[in-house]
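One structure is given here, and the rest of the page talks about it.
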């Protein structure tokens, strides 16, 4: 597979009968780094990598210290949740395609990094691909601002701000589409707009948009794929969990409980860090990058340049 050797290249990866897009950052300093350093596969939050500040977060800077990265737009990115094709578990085979791309470039190890919803996907994927005889190159998970369970996080947030419609009202509508009762005809999927989902105003930034099917698969009470606590105990590779102490959505107990579950399940390499910042890690990008690079350097081969090289 031919890849342009430069930083920040937009790529297109075949996926089933479609293509998925991503931003590929190739480390410019060591041509042989693909042999001994992992590539970092980043899974976006809900906005996707073309709407998030991808260059302000660690993957965009990792190339400066010798780590290539691929920031992937999955089915849930951008408008996927709005138009009905952003089904949480369906994204797993799309992540497979991204890993195949990195293998084709020549990487021998892959670390999955996610933020928010992306960290739920990262844990879920690593749990599903935990068989070392088949997936020996899946080498680590970095999970930033990770919900204990997306359904619980969404329910708690909607109840906090008095969403319109309520969580239970949306559940009733979504059940008729995704899991109708005996004798019921399945209802048609449709887009829903939830006001006061992220704040106490009617402004667009406080609004959630899904279809009933995408909500059911990500935030409904039976969305097991997005319940991180059910899967993190099946992850056998090193795990780095990083929590924002002033996170508006994720409570510290969720972060601590996930670490406890992973360790209790027998994972001997689970690292927890906290930073005094908000959910987006705004103002702490340098510190976040330092934690990530030190963790990577400690586990994956030759030491690289010092983390301060990751300054914005």
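The values are calculated or read from the model by the stated rules, or taken from the named source; none is laboratory data. Please read all numbers here as calculations on a predicted model, not as lab measurements. Positions of Cβ are generated from backbone atoms using ideal geometry, with glycine treated the same way; all protein chains shown enter the neighbour counts.
State yes or no: is residue 173 touching a helix residue (DSSP H, G or I) at 6+ places or on another chain (Cβ under 7 Å), surrounded by fewer than 18 Cβ atoms within 10 Å (Cβ to Cβ) and more than 28 Å from residue 292 (Cβ to Cβ)?
It is true that residue 173 is touching a helix residue (DSSP H, G or I) at 6+ places or on another chain (Cβ under 7 Å), surrounded by fewer than 18 Cβ atoms within 10 Å (Cβ to Cβ) and more than 28 Å from residue 292 (Cβ to Cβ).
Would it be correct to say that residue 95 is in a strand (DSSP E or B), buried (at least 21 other Cβ atoms within 10 Å of the Cβ) and within 13 Å of the chain's Cα centre (by Cα)?
The answer is no for residue 95.
Quick one: in the stretch 98-138, which of the residues that are assigned to a helix (DSSP H, G or I) and surrounded by fewer than 21 Cβ atoms within 10 Å (Cβ to Cβ) is modelled with the lowest pLDDT?
Going through the qualifying residues, I end up with 105.
Can you tell me how many residues within the stretch 203-237 are more than 17 Å from residue 79 (Cα to Cα) and either touching a residue at least 24 places away in the same chain (Cβ under 8 Å) or under 18 Å from the mean Cα position of the chain (by Cα) (or both)?
Summing the residues that are more than 17 Å from residue 79 (Cα to Cα) and either touching a residue at least 24 places away in the same chain (Cβ under 8 Å) or under 18 Å from the mean Cα position of the chain (by Cα) (or both) in the stretch 203-237 gives 18.
Among the residues of the stretch 149-184, how many are at pLDDT 95 or above, under 13 Å from residue 223 (Cβ atoms) and part of a loop (DSSP other than H, G, I, E, B)?
Residues in the stretch 149-184 being at pLDDT 95 or above, under 13 Å from residue 223 (Cβ atoms) and part of a loop (DSSP other than H, G, I, E, B): 1 in total.
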